[in-house]
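First the structure, in the form of structure tokens, and then the observations on it.
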Amino acid sequence: MKPRLVAAGADCDMVAYIVDEDYPLTLEDSRIEQVLQQTGARLFILDPLQGYLSQDSDMTNAGRMRSQLKKLVDIAAKYRCAVVIVGHMNKSSHEKNLYRGLGSIDIAAIARSVLMISRDKDDPMIRYMFPVKSSLAPEGAVIAFSFNRENGIRWLGQKELDKNVVESCNLADSKKMLAVRIILDVLSEHDALSAEIMKKLKIMDISERTINTAKKSLGIVSYRKDGVWYWRLPDGYYEPDWRVKNGK
């Protein structure tokens, strides 16, 4: 995350994270309240939600999810901190967008605001963010932004959502397509440790075989540096001809 923050002009002295390499962080972890109390943070981000569930948790169990999220809500309210939780959509192509998050609908129900992000069909580096739920204020406009390693995030302003241009949020998404999306998101700005990418994908219950298939389809290049393996996008990936040829 640090390269992204630096590129955006952030003051990294104002950013903290919980080290959970030896003891995985969960929604019910006491360290969440401790870090909010110690830092006075005004924004707490969990990405993705599936990565912070305890072993006895079940995203489809409405009661269990509501109990865990309610505890997080109470802590956030106590320390006046906003919470952003990143999730992924399921494969259904027939449900309303609000019901397409993985797991119980209670996850979306307890949130005060739910935003969805979709890619542009013609240019996968352009994304559209739009509201599907807004309990505290009128729904805002669609906001477009571009995303690549050279320029980082560049806001493009409010846009009219053209359903013929924006990639449909109702298309079924296979595990391979999900793996491709996540790999592109991670590598769109900079090279990354292969172990970190694999960990992120396996959290999403994507098999190593599927990961390798997605990696091969994207032409990902592996290289060794300082004793560890990195992945990078192939040279020329951002050229339009390459995208059209390999974007299927």
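Karplus couplings for segment 225-235 from phi (6.51 cos²θ - 1.76 cosθ + 1.60, θ = phi - 60°), rounded to Hz, Gly and Pro as x?
My calculation for segment 225-235 gives 8, 6, x, 10, 9, 10, 10, 9, 6, x, 4 Hz in order.
Pairs to check: LYS159/LYS199; LYS2/LYS159; LYS159/LYS216. Give those whose C-alpha atoms are more than 31 Å from each other in this structure. Spell out each step's value before the answer.
Numbers: LYS159/LYS199 35 Å; LYS2/LYS159 29 Å; LYS159/LYS216 35 Å.
Result: LYS159/LYS199; LYS159/LYS216 exceed 31 Å.
Report, in listed order, any pair from LYS175/LYS215; LYS133/LYS175; LYS71/LYS176 with a Cα-Cα distance greater than 23 Å. Spell out each step's value before the answer.
Working: LYS175/LYS215 13 Å; LYS133/LYS175 26 Å; LYS71/LYS176 34 Å.
As for pairs spanning more than 23 Å Cα to Cα, those are LYS133/LYS175; LYS71/LYS176.
Values quoted throughout were computed directly from the atomic coordinates according to the rules given, and no laboratory measurement underlies them. Just so it is clear, the structure is predicted and the values come from calculations on it, not from any experiment.
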